[in-house]
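Worksheet: one structure, shown below.
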Amino acid sequence: MAMNLGSGSGDNDVMVDINTTPLIDVMLVLLIMLIITIPIQLHSVNLNMPQGAPPAQQKEPVVVTIDIDFDGTILWNGEALTDRAALEDRLQRVAAEPDQAEVHIRPNKLVEYKSVATVLASAQRLGVTKLGMVGNEQFVK
């Protein structure tokens with residue numbers, strides 16, 4: 001790098017300028033090398049998909065619907081449950097089955113999240129694996 005100290009015209013001011021041209025040249029070369037060495041990104045995802053037709057389903061899955069009303073009342077297939085212990089008892093029976101039933105949770109739009117989270121946490125803790133939320137289109141504004 002070059003540095004200019006003073007001027008030849010006799011000025012008393014000391015002039016300190018760094019020549020930045022070589023620095024810019026080096027940075028441009030590094031930038032070009034970086035662009036060249038980055039691999040080309042493909043906008044595709046390679047998946048190993050199964051071949052052939054899927055096996056026929058032996059029987060229709062059993063579906064259990066849990067409705068959570070706006071005041072926190074829990075309905076099991078339309079039947080109101082008295083307390084959380086009754087819910088956990090039924091969830092435990094579903095989890096104990098070798099071929100678990102599908103549990104569809106359908107919360108009301110006005111229900112507090114705490115009530116929904118309680119049901120979800122109970123189902124997860126008791127080992128229910130086929131769990132889904134139904135009716136989410138009501139939450140879209």
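Readers should treat all values here as calculations from the given coordinates under stated rules, not as data from a laboratory. Note that the structure is predicted; figures quoted are calculated from it, not measured. When we count neighbours, we look across all protein chains shown, and the Cβ atoms used for this are built from the backbone with ideal geometry, even at glycine.
Of the trypsin sites (Lys or Arg not before Pro) in the range 92-138, the ones in a loop by DSSP (not H, G, I, E or B) with at most 13 other beta carbons within 10 Å are Lys109.
Shape class for the range 13-102, computed from the alpha carbon gyration tensor (a ≥ b ≥ c): oblate, with a/c not under 1.5 and a/b at or below b/c.
DSSP bridge analysis restricted to the range 63-139 gives an antiparallel fraction near 35%, rounded to the nearest 5. Potential lengthening of the chain between Ile38 and Thr118 amounts to 24.0 nm, from the contour at 0.36 nm per residue minus the alpha-carbon distance.
For the chain, modelled as a GNM whose springs connect Cα atoms under 10 angstrom apart, the maximal fluctuation among Thr118, Thr20, Thr65 occurs at Thr20. Between the beta carbons of Glu79 and Glu137, assuming R0 = 25 Å, the FRET efficiency works out to 0.50 to the nearest 0.05.
Tilt of helix 84-96 relative to the longest C-alpha principal axis of the chain, in degrees (0 to 90, nearest 10)? In the chain, helix 84-96 runs at an angle near 90 degrees to the longest axis.
Dipole size of the range 63-139 about its Cα centre, with +1 on Lys/Arg Cβ and -1 on Asp/Glu Cβ: approximately 200 debye, rounded to the nearest 20. Computed as a quarter of the hull surface, the mean projected area of the alpha carbon convex hull for the range 49-141 stands at 8.2 nm².
Once you reduce the range 78-133 and the range 17-38 to the center of their Cα atoms, the two points are 61 Å from each other. Rounded to the nearest 10 degrees, the angle from helix 21-37 to the longest Cα principal axis of the chain is 30 degrees. Between Asn12 and Gln58, the simple label model (points 7 Å from Cα in the Cβ direction) yields a spacing of 10.3 nm.
Among bridges DSSP assigns within the chain, what percent are antiparallel (round to 5)? Counting only bridges with both partners in the chain, antiparallel ones make up about 45 percent. The long axis of helix 113-126 is offset from the longest Cα principal axis of the chain by roughly 80 degrees.
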